[in-house]
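Rule-based calculations on the coordinates, nothing more; no lab input. Predicted model only: the values in this text are computed from it and were never measured. Don't worry about glycine lacking a Cβ; one is built from the backbone with ideal geometry, like all the others, and counts go over all protein chains shown.
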Amino acid sequence: MFNLVWYSAKLFFKGKLLRDPLHVYRQVVFGILLGSFMLIGLEGLLILVGSKEVGLNFTMALIASSAFTGIMMPFLLKDIKMQ
C-alpha cells in the first residue's frame with residue numbers, strides 16, 4: 001500500500017499522474033471559492049440577525065460551510081482522468 005502511494009506521489013510531482021491538471025486545479029479552486037463564499041454569507045447573515053454569541057455562531061457557520069465543501073468536492077472532481 002505504501003508503494004502505491006509513493007509511486008502516485010512521484011508521478012504527481014513529476015506532472016505525469018493527471019491527464020489534464022488544469023481542469024483539476026480549476027475545480028479545486030472553484031470548490032474552495034464556493035465554500036469561502038458560503039462561510040462569508042453565513043457569517044454576514046448571522047451579523048445581520050444581530051446575534052450576541054458571535055464566537056459560537058462563527059463556529060457553526062464554519063462547520064456548515066466545511067461540510068458543504070466536503071460534500072461538494074467529490075461531485076466536482078468526478079471527471080478526473082488519470083494517465
>> What's the longest uninterrupted piece of the chain once you rule out the trypsin sites (Lys or Arg not before Pro) that are loop residues per DSSP with at most 12 other Cβ within 10 Å?
In response: 20-51
>> To test your reading of the geometry: what angle, between 0 and 90 degrees and rounded to tens, separates the Cα axis of helix 54-76 from the longest principal axis of the chain?
In response: 30
>> Of MET73, LEU45, MET60, which is farthest towards the positive pole of the chain's charge dipole, taken about the Cα centre with +1 and -1 on the beta-carbons of Lys, Arg and Asp, Glu respectively?
In response: MET73
> Against the longest alpha carbon principal axis of the chain, how many degrees, from 0 to 90 and to the nearest 10, is the axis of helix 2-14 turned?
Replying inline: 90
>> Using only Cα atoms and rounding to the nearest 10 degrees, what angle (0 to 90) does helix 21-49 make with the longest principal axis of the chain?
In response: 10
>> Give me the one-decimal nm value for the distance between modelled label points at MET1 and LEU48, 7 Å along each residue's Cα-to-Cβ direction.
In response: 4.7
> Can you work out the FRET efficiency for the pair LEU34 and PHE58, with r the C-beta to C-beta distance and R0 = 22 Å, to the nearest 0.05?
Replying inline: 0.75
